[in-house]
Each structure stands twice: as structure tokens, then as C-alpha cells.
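The values are calculated or read from the model by the stated rules, or taken from the named source; none is laboratory data. If you're wondering where the values come from, they're calculated on a predicted model, not measured in any experiment. Positions of Cβ are backbone-derived with ideal geometry, glycine not excepted, and every protein chain shown enters the neighbour counts.
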Amino acid sequence: MIASQIAAVFRENRVPCIALNIIVITLVGSYYQVPAIAEVWEAVGAFKLKWAYAFSLGSTIFAAALLPSLVQLVMGTLPPEGRWKRVGLLSLFWGYRGMEIDLFYQVQGWLFGTGNDAATLIKKVAVDQFVMSTIWFVPTVLIAMRWVDMGGSWARTRASLTREFWTRTCPTVMVTNWLVWIPTLALVYSLPPALQFPLFSVVMCFFILIVTLLARGDQRSIK
């Protein structure tokens, strides 16, 4: 049963999984192999260091809230009722989440160092995906999306967190998260600390854009 669910999740999400990792490989490869592009990345890293959490706030709001909402608006799939409130709630959550992830990347650097050797990357990806994502990142994203769908009502959100949510929805999304982000984060963590969150922002932007476009047919999205 579990194996069949994992296979189904992969079949459904194989396009964004493959596309995302091609994008990440290209971006990381450009940093290490193309000096001119490396200079651009270094400038982005300097900009990130200067603006710190303001950068993580703004870039994540754009990547995860504003751009997807704009694409949905153009496609005609953005719900007409309360659409601007929805955009505001998404921006509120993703702005916070961006700063939280930025802090988490820094904590990972303090704990495990900033090298890009295999041992360091394995530790960071393992803590990210099998500890933090399992107990915090994925469940809270799902709850936040329910909260947005419920118009910001915590009472309605709590009522929607049924047993099925915890036993089916969370595990299914968790598998999707692993398929997408385990290989991606190995590349993100291979970069110098100043460039890790900027690359995460770019990846998030492309990933949510891909998912939004794929959702045109069935109006569903994944994380």
C-alpha cells in the first residue's frame, strides 16, 4: 500500500521534480563553471548579506505568493471572492516562512559548518528533510494553506484538520516533498552560505510557477 502510494505520488509530480532539478543543476553548475555568471551570483550574495532578513522576507513573498497569484489571475484560476485577502494572507505566511528558513540555514551552518563535502551535505539534508520538514515545515505549510483557504479563520481551520489530514494528506505531501527537495537541497547546501537562500528563492519561484501551471487542468497544487 505504501509503495503504491509513493509510486502514485511520483507519477503525479514527476514533471516538476525533473524540471526543478534540471534548473537547480544548471544554476549551481553556472556558479562553479562560468566565471561571468559566478560574478553575478557573488553580487546577489553580497546583496543578501546587506539586506539580511529583509531579503528573505521580500524574495519569498514574491516567489511563493505574488508570482503564483499573478499567474493564476492571468489563467483565470484565482478565486474571485476574497482574492486580495487571499494574496495578503499568503504574503503574510510566506514572508514569515522565508525568514524562518533563512534562520534555519544559518543554524545549519553553525551546527555542521559551511563546507560542501559529502558528510556535511548529508547531515544538513537529513536534518532538513527528516527532522524539520517532518515535524514542522510540511505540516505547518499544509495548515497555513488550509488557513488561507478558510479566509483566515482559525476556528474553521482547526475543524478541517481531521484524521484524514494527519494520516493521508500529510504523509502524501511529505513524500512529494522528499522527492523534490532532497536532491535540490544537496545542491543548495553545496553553495557558500550567502548564496544558499538566494538559490532557494529562485528554486521556490520556479517550482511554484511550474505547479501553478500544471494545476490549470485540475485546480490542485502540491508543495
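Is it true that some residue in segment 63-86 is exposed (fewer than 13 other Cβ atoms within 10 Å of the Cβ), in contact (Cβ under 8 Å) with a residue 60 or more places away in the chain and of a type in the set (D, E, K, R)? So far as segment 63-86 goes, yes, one or more of its residues are exposed (fewer than 13 other Cβ atoms within 10 Å of the Cβ), in contact (Cβ under 8 Å) with a residue 60 or more places away in the chain and of a type in the set (D, E, K, R).
Filtering segment 87-136 to residues that are of a type in the set (D, E, K, R) and either more than 15 Å from P193 (Cα to Cα) or free of Cβ contacts under 8 Å to residues at least 40 places away in the same chain (or both) leaves R97, E100, D117, K123, D128. Taking the criterion of being over 18 Å from F47 (Cβ atoms) and either part of a loop (DSSP other than H, G, I, E, B) or hydrophobic (A, V, I, L, M, F, W, C) (or both), the residues of segment 180-194 that qualify are V180, W181, I182, L185, A186, L187, Y189, S190.
Applying the selection to segment 37-65, what residues are within 14 Å of R97 (Cβ to Cβ) and among the aliphatic types (A, V, I, L, M)? Within segment 37-65, L57, I61, A63, A64, A65 qualify.
Look at F93 and say whether it is aromatic (F, W, Y) and under 14 Å from L57 (Cα atoms). When the stated conditions are applied, F93 passes them. Regarding M150, is this residue more than 20 Å from P198 (Cβ to Cβ) and among the hydrophobic types (A, V, I, L, M, F, W, C)? Judged against the criteria, M150 is a match. Inspect all residues belonging to segment 155-168 and state whether any of them is buried (at least 16 other Cβ atoms within 10 Å of the Cβ) and in contact (Cβ under 8 Å) with a residue 60 or more places away in the chain. Looking for residues that are buried (at least 16 other Cβ atoms within 10 Å of the Cβ) and in contact (Cβ under 8 Å) with a residue 60 or more places away in the chain, one finds none in segment 155-168, hence no.
Among the residues of segment 73-95, those identified as within 18 Å of the chain's Cα centre (by Cα) and more than 15 Å from M204 (Cα to Cα) are V87, L89, L92. Taking S30 as the residue in question, decide whether it is surrounded by 14 or more Cβ atoms within 10 Å (Cβ to Cβ), out of contact with any Pro (no Cβ under 9 Å at 6 or more places or on another chain), at pLDDT 85 or above and more than 27 Å from Q106 (Cβ to Cβ). When the stated conditions are applied, S30 does not pass them. Step by step: first the residues of segment 107-125, then only those that are surrounded by fewer than 13 Cβ atoms within 10 Å (Cβ to Cβ) and over 11 Å from S190 (Cβ atoms), then the one that is farthest from the chain's Cα centre (by Cα). Which residue is that? Step by step, filter segment 107-125, then rank; the result is A119. Among the residues of segment 109-156, those identified as outside any helix (DSSP H, G or I) and over 25 Å from W94 (Cβ atoms) are G113, T114, G115, N116, D117. Just one of the listed residues (L78, L103, L89) is over 20 Å from W147 (Cα atoms) and either touching a helix residue (DSSP H, G or I) at 6+ places or on another chain (Cβ under 9 Å) or of a type in the set (K, R) (or both), namely L103. Within the set A144, A38, the sole residue that is surrounded by fewer than 20 Cβ atoms within 10 Å (Cβ to Cβ), in contact (Cβ under 8 Å) with a residue 40 or more places away in the chain and of a type in the set (A, V, I, L, M) turns out to be A144.
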